[in-house]
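Asker: My questions all concern the structure below.
The values are calculated or read from the model by the stated rules, or taken from the named source; none is laboratory data. From a predicted model like this one, the values you see are computed outputs, not experimental measurements. Glycine also receives a Cβ, built like all others from the backbone with ideal geometry; neighbour counts cover every protein chain displayed. Accessible surface is based on the protein model in full, side chains and every heavy atom, while ligands, DNA and RNA are left aside. Shrake-Rupley method; radii C 1.70, N 1.55, O 1.52, S 1.80 Å.
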Amino acid sequence: MKKIHVIGAGPGGLSAALLLQARGFDVTLFEKDDRVGGRSKNIQLGDYRFDLGPTFLMYIDVLKQVFSRAGFRLEEELELMPLNPLYTLVFKDEHLSLSANPEENVAIFDRIEPGLGVSYQRWLTDQELKMLKIKSILEKPFPSFFHLFRKDVLKAAGVAHLSKSVYTMLQTYSKHKTFIHSLSFQAKYLGMASYQAPSIFTILPYLEHVTGLYHVKGGLNQINQKLAELFKERGGTLRLSSPVKEILIEKKRFKGVLLESGEAQYADLVVMNADFAYGMTHLIEQKHLRKYRKEKIEKKKYSVSTWMMYLGINKELDLPHHEILFSDDYDQYLKDLMNQKLTDDISIYVHNPSKIDDSLAPAGKSALYILVPVPNVASNISWEAQESGIKERVFEKIKEKHGLDLKPYIEEMRTYSPKDWMNQENVYLGAVFNLAHGLDQMLFLRPHNQFEDIKGMYLVGGGTHPGSGLPTIYQSALIADDLIANLK
Ligand SMILES: Cc1cc2nc3c(=O)[nH]c(=O)nc-3n(C[C@H](O)[C@H](O)[C@H](O)COP(=O)(O)OP(=O)(O)OC[C@H]3O[C@@H](n4cnc5c(N)ncnc54)[C@H](O)[C@@H]3O)c2cc1C
């Protein structure tokens with residue numbers, strides 16, 4: 001039986017480990033932390049529980065596939081809670097809560113401006129066609145340039161409008177800013193601005209509107225707990241608090257891993273889930289690399305980062321499950337953010353899961369999560385110096401939009417800066433959404449799931465094909481599983 005090592009118990013590593021163990025491989029999963037989940041782990045502050053990163057799941061079909069391929073049913077293993085409304089969007093002069101039922105959104109858009117509903121319907125129809133064409137591309141490995149000439153890729157090129165961005169594509173349906181921003185803010189899930197993200201990514205809001213968004217009882221971190229539990233149930237070995245120091249390579253082939261403790265463990269294959277750019281610069285001796293040496297990694301483009309605040313609030317908050325409080329001048333804010341500039345006119349994401357989930361805070365209290373998209377570590381901003389200013393802007397923004405002063409109710413507080421993502425989670429430059437998703441770093445130009453530089457090494461996670469975000473990360477594990485299964 002082939003032995004496989006997996007490095008990192010994030011969503012990518014856990015899914016790959018479960019799938020490969022279920023196939024009968026002998027899998028050992030090494031995780032540096034004392035718990036699973038990586039950027040999606042849980043954190044506890046006093047009596048309050050939070051997700052560190054992801055707060056909602058979209059396009060659940062991919063996760064369903066991970067569970068079913070391993071012999072389980074997602075719905076039986078986790079309590080999925082559909083979100084309706086999908087989210088509340090608060091702009092300078094208006095706010096809207098978009099429905100999980102697209103038909104209701106037609107009326108919602110028409111209320112903003114008569115005729116916007118028709119634009120929305122036209123947009124939905126076009127996205128359906130686009131999705132049909134690109135689905136198969138995202139589900140398969142993308143190992144070489146020649147795969148650009150695959151039948152499915154050529155078919156998709158016609159609907160992908162490669163020269164347009166998400167923003168300019170939406171302008172062809174309506175020039176109304178609320179319409180455009182409501183259907184393009186999702187580019188930030190990739191750590192990009194809508195005017196930079198290739199228009200292909202309008203499938204993100206489409207998938208949200210058509211297949212829904214989900215909370216998981218106990219938080220999204222429960223997905224990781226469950227994947228780990230099932231992996232162990234299938235006979236896999238999970239080694240927590242076991243940071244890998246080096247991936248051992250001999251004659252261009254993977255040999256084993258050397259742990260920080262000095263222990264060496266040997267195997268036939270390795271799946272790396274640790275952040276791709278971190279892995280290339282920290283876990284492999286440079287002499288073994290060809291395409292992805294340090295100099296090359298430094299020249300790549302990276303996503304923005306996030307500044308986080310987790311608050312234990314001694315009050316039941318009448319805030320939606322999640323909402324975005326947009327900057328007054330959102331276009332300018334996006335430009336500043338992409339130029340690595342921290343502005344006063346911030347946009348914030350506010351997540352109040354206690355509204356629908358009583359397992360996260362004591363009765364009558366709320367576990368509140370705030371995410372501020374900010375430049376990554378390459379900006380050289382001093383996060384220590386900025387901390388109190390960002391906090392104040394967040395509190396002011398919530399007071400301005402909701403008339404709510406949070407400060408008197410704070411029982412617990414923890415903040416997390418881009419530097420923390422880098423130093424504590426091993427995320428290169430704290431660019432939490434990984435390598436940027438421009439066309440120059442996608443498909444065969446993104447690190448391949450079967451790693452090109454080292455034989456016997458596979459890659460999963462947001463820094464690899466197909467890209468960042470939970471569904472694509474689970475998809476990377478499905479692809480790696482297919483590739484390894486074909487070796488048998
Ligand atoms: C704030 C935030 C919010 C997000 N929200 C969403 C959302 O709502 N929905 C969504 O779909 N996506 C969201 N994402 C994006 C993405 O889904 C997550 O970032 C996801 O957790 C990334 O998974 P991963 O497997 O690629 O990497 P990671 O979660 O980073 O996993 C890598 C693992 O490798 C481990 N590791 C690193 N170095 C070593 C080493 N030397 N030895 C052993 N182990 C090591 C790490 O500890 C970690 O467990 C969000 C991301 C962030 C940061």
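Asker: Can you tell me which of S136, S119 is more than 15 Å from the ligand (Cβ to nearest atom) and either modelled with pLDDT of 95 or more or among the aromatic types (F, W, Y) (or both)?
Answerer: Only one candidate passes the filter, namely S119.
Asker: Residue check, N449 against (1) over 15 Å from I297 (Cβ atoms); (2) near the ligand (Cβ under 7 Å from one of its atoms), all met but one. Which one?
Answerer: Failed condition: (2).
Asker: Here is a follow-up. Those residues that are open to solvent by 30 Å² or more (accessible area, probe 1.4 Å), in contact (Cβ under 8 Å) with a residue 40 or more places away in the chain and closer than 25 Å to Q186 by Cβ, I need them from segment 57-76; list them, please.
Answerer: If the condition is that a residue be open to solvent by 30 Å² or more (accessible area, probe 1.4 Å), in contact (Cβ under 8 Å) with a residue 40 or more places away in the chain and closer than 25 Å to Q186 by Cβ, then Y59, D61, Q65 are the ones that fit.
Asker: Still on this structure, please answer the following. In segment 300-353, what residues are open to solvent by 40 Å² or more (accessible area, probe 1.4 Å) and closer than 24 Å to L86 by Cβ?
Answerer: E316, D318, D328
Asker: Under 7 Å between Cβ atoms, which residue pairs at least 6 apart in sequence (or on different chains) link something in segment 219-231 that is open to solvent by 10 Å² or more (accessible area, probe 1.4 Å) with a partner that is in a loop (DSSP other than H, G, I, E, B)?
Answerer: Q222/L78; Q225/V36; K226/L78
Asker: Exactly one condition in (1) touching a strand residue (DSSP E or B) at 6+ places or on another chain (Cβ under 6 Å); (2) of a type outside the set (D, E); (3) open to solvent by less than 10 Å² (accessible area, probe 1.4 Å) is not met by G37; state its number.
Answerer: (1)
Asker: Here is a list: V427, V432. Which entry is in contact with a strand residue (DSSP E or B) (Cβ under 7 Å, 6 or more places away or on another chain), closer than 20 Å to Q340 by Cβ and within 7 Å of the ligand (Cβ to nearest atom)?
Answerer: V432
Asker: Out of all the residues in segment 77-90, is one or more in contact with a strand residue (DSSP E or B) (Cβ under 7 Å, 6 or more places away or on another chain), farther than 25 Å from T202 by Cβ and open to solvent by less than 10 Å² (accessible area, probe 1.4 Å)?
Answerer: No, segment 77-90 has no match at all.
Asker: Residues that are within 15 Å of the ligand (Cβ to nearest atom): list the strands (runs of 3 or more DSSP E) wholly contained in segment 1-80 that include at least 3 such residues. Talk me through it step by step, then tell me what you get.
Answerer: Values: elements: 3-7, 26-30, 42-45, 48-51.
Once the strands (runs of 3 or more DSSP E) in segment 1-80 are filtered for at least 3 residues that are within 15 Å of the ligand (Cβ to nearest atom), what remains is 3-7, 26-30.
Asker: Would you please list the contacts, defined by Cβ atoms under 6 Å and residues six or more apart or on different chains, that run from a residue in segment 35-47 that is within 20 Å of G312 (Cα to Cα) to a residue that is more than 9 Å from the ligand (Cβ to nearest atom) and of a type in the set (F, W, Y)?
Answerer: I43/F50
Asker: Please pick out the residue among V244, V270 that is more than 11 Å from the ligand (Cβ to nearest atom), among the β-branched types (V, I, T) and open to solvent by less than 70 Å² (accessible area, probe 1.4 Å).
Answerer: So the residue among V244, V270 that is more than 11 Å from the ligand (Cβ to nearest atom), among the β-branched types (V, I, T) and open to solvent by less than 70 Å² (accessible area, probe 1.4 Å) is V270.
Asker: Anything in segment 404-424 that is open to solvent by 50 Å² or more (accessible area, probe 1.4 Å), within 16 Å of the ligand (Cβ to nearest atom) and in a helix (DSSP H, G or I)? List them, or say none.
Answerer: Those that are open to solvent by 50 Å² or more (accessible area, probe 1.4 Å), within 16 Å of the ligand (Cβ to nearest atom) and in a helix (DSSP H, G or I): K419, M422, N423, Q424.
Asker: Looking at K294, K252 in this structure, which one is on the phi > 0 side of the Ramachandran plot and away from the ligand (no atom under 14 Å from the Cβ)?
Answerer: After applying the criteria, what remains is K252.
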